[in-house]
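Structure first, commentary second.
Just so it is clear, none of the values below were taken in a lab; they were calculated from the coordinates. Keep in mind it's a predicted model, so treat the numbers as computed, not measured. Heads up, the Cβs are rebuilt from the backbone with ideal geometry, glycines too, and the neighbour counts pull from every protein chain shown.
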Amino acid sequence: MHKSSITGTRLGVLFSLIFLGAVTALIILPGFFQSEAGDKRGAKAPAPVVNIEKEPIYDIREHKSDVIVDAMVKFRQSVGKDASAVANVREDFARGEANLKSRLPHVKVEYNTDIRTPEVITPDVYKAKIEFLSPPSSEKRSEILRDFIKENASLAGVSAFQADQLTVAADYTNPDGNLSYAHLEQLINGVPVFRGEVKAGFTKDGRIIRVINNLAPGMDYDSLSRDFRNPADAVNAADTLKLKPSTLLLTELPQPI
């Protein structure tokens, strides 16, 4: 092969790489070029693109700074809730637990550490005879769980109507047929509630073994906003509340807890 041909081939490859690099830059960095153009016109730069999948999750309810406490107070006030409303919901939890224990004396209720709602409802497994949470039943497991929530509405923190609105996320039995599971999710105005769900395991004859409850309690669905805006707003809110700049602030629907 002639030297000039080799040189021409190399130059062709080089120009191709340069061209591909320029195209890649234009694809990957559109925000950079748009922001520059916006600055020249004196216009506000566009909001940053937020990759929710890669951002660490931050739960505002687990943060106890004065700034967050004040923010939570404002969230409650925006839907007409105050400290007395919080106290009322907690009193309902206590009444609901007492009512359940009047029927099942050995039941155990464990509260979560972030907002102190009844998260784990289980029989005392150390007793010689375990009293499961419901009697044998041939009904669908998801409906057995729904009925349990309705029967213990004060403990779960939802009304019977709200329990009926829970959607079935899963209802299945293990291949060996010995254990079954049900999973209900909480949606408000068609919007999934962050961590709003309740799950249960079942024996072969349809008795509830254990309930894991994370439903958002004490909610007035009609008073809640349907405007969740852009995810980038959550990042800006996190920065305003003096959180880590790389942390994505996720606040669920305003609630009194």
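Pulled fully out, how much extra length does the chain show between residue 205 and residue 143, if you take 0.36 nm times their separation in residues and subtract their Cα-Cα distance? Kindly include the intermediate steps, with their values, before the conclusion.
Working: separation 62, 0.36 × 62 = 22.32 nm, distance 1.44 nm.
Gain on extension, residue 205 to residue 143, equals 20.9 nm.
Between residue 108 and 122, 124, the built amide H atoms are under 5 Å apart, and every one of these is 5 or more places off in sequence or on another chain.
Going down the list 129/199; 74/101; 81/140, which pairs span over 28 Å between their C-alpha atoms? Pairs exceeding the cut-off: 74/101; 81/140. Spacing of the modelled spin labels on residue 221 and residue 161, each 7 Å from Cα toward Cβ, amounts to 0.8 nm. If the chain linking residue 236 and residue 70 were pulled fully straight, counting 0.36 nm for each residue of separation and taking away their Cα-Cα distance, it would gain 58.0 nm.
For residue 169, the residues 5 or more places off, or on other chains, whose built amide H falls under 5 Å of its own are 183, 184, 185.
Near the amide H of residue 206, within less than 5 Å, lie the amide hydrogens of 137, all on another chain or at least 5 residues away, with H placed in the peptide plane.
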